[in-house]
1. Can you spot the lysines whose alpha carbon is less than 17 Å from residue 46's alpha carbon? Ignore those fewer than 8 places along the same chain.
2. Just in the range 71-158: which trypsin sites (Lys or Arg not before Pro) are loop by DSSP and have at most 12 other Cβ atoms within 10 Å?
3. Quick one: length gained pulling residue 73 to residue 38 fully straight, 0.36 nm per residue minus the C-alpha distance?
4. Can you list residues from other chains, or at least 5 along the same chain, whose modelled amide H is less than 5 Å from the amide H of residue 92?
5. Go ahead and run the numbers for FRET between residue 123 and residue 62, Cβ-Cβ distance against an R0 of 25 Å, rounding to 0.05.
6. Calculate the spin-label point distance for residue 49 paired with residue 147, positioning each point 7 Å from the Cα along the beta-carbon direction, and give it in nanometres.
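Each reported figure results from applying straightforward, stated rules to the coordinates on display, with no laboratory input. Since the model is a prediction, treat every value here as computed from it, not as a measurement. So basically every Cβ, Gly included, is an ideal-geometry build from the backbone, and we count neighbours across all protein chains shown.
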Amino acid sequence: MNTSIKRRVFLKGSMAAGVAGVAVSAGLLAPQAVLAAWNEKAFHAKKVDEALSNLMGSAASTPSGDIKVKAPDIAENGAVVPVTVSTSIGGVESIAILAANNPSPLAAAFDMGKGAQGYVATRIKMGKTGDVIAVVKAGGKMYSARKGVKVTIGGCGG
C-alpha cells in the first residue's frame, strides 16, 4: 500500500472518530444500554439495606468466605480507594460494592454475563472510615463479605 492511500485511510478514520466524539459530547449519541441500566433509586439510597433492596430486590445476604474483598487497610485518600472483589461461587449474576458509611453507600454495581468470572476491580470514594461491603448475587441467592478500611483524608469533602 502506498503512502497516499495510507494517509487517506488515516484521515478518514480520524475524521470519523472526531465526528463521533463531537456527537457524543454534544449529547447527540448516547450509550442507550448503559443509560437504561442506571438504577437511580439504588444509587441515591441513604442506607445499605435500602440500596440493596432497590438494586437486587432484597437486602438479605449470607456472609460467605468464598468472596474476597481486597482493599487497603488504610486509605490515605478516600477519594480513590482501590477495591477488588473476587469469588469462587459459580453462576455469578451481579456484584455490588458498597461503602457502609457513605451518605449514599452504593459505590458500584456490575451485571455479569453468562459464564463470566466472578471478578471486578474499581476505585471508589469513601467519605470516612468504615466497611467496604461486596454483595454477590449467584443462583438467585445473595452472598456478602466485608473489609474494614480506615480513611485518613475524607474523599467526600472531609
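1. 125, 128
2. 114
3. Numbers: separation 35, 0.36 × 35 = 12.60 nm, distance 3.04 nm.
This chain segment gains 9.6 nm when fully extended.
4. When sequence neighbours closer than 5 places are left aside, there are no close amide H contacts.
5. Working: r = 27 Å, r/R0 = 1.09.
With a Förster radius of 25 Å, E is 0.35.
6. Simple spin-label model gives 2.7 nm for this pair.
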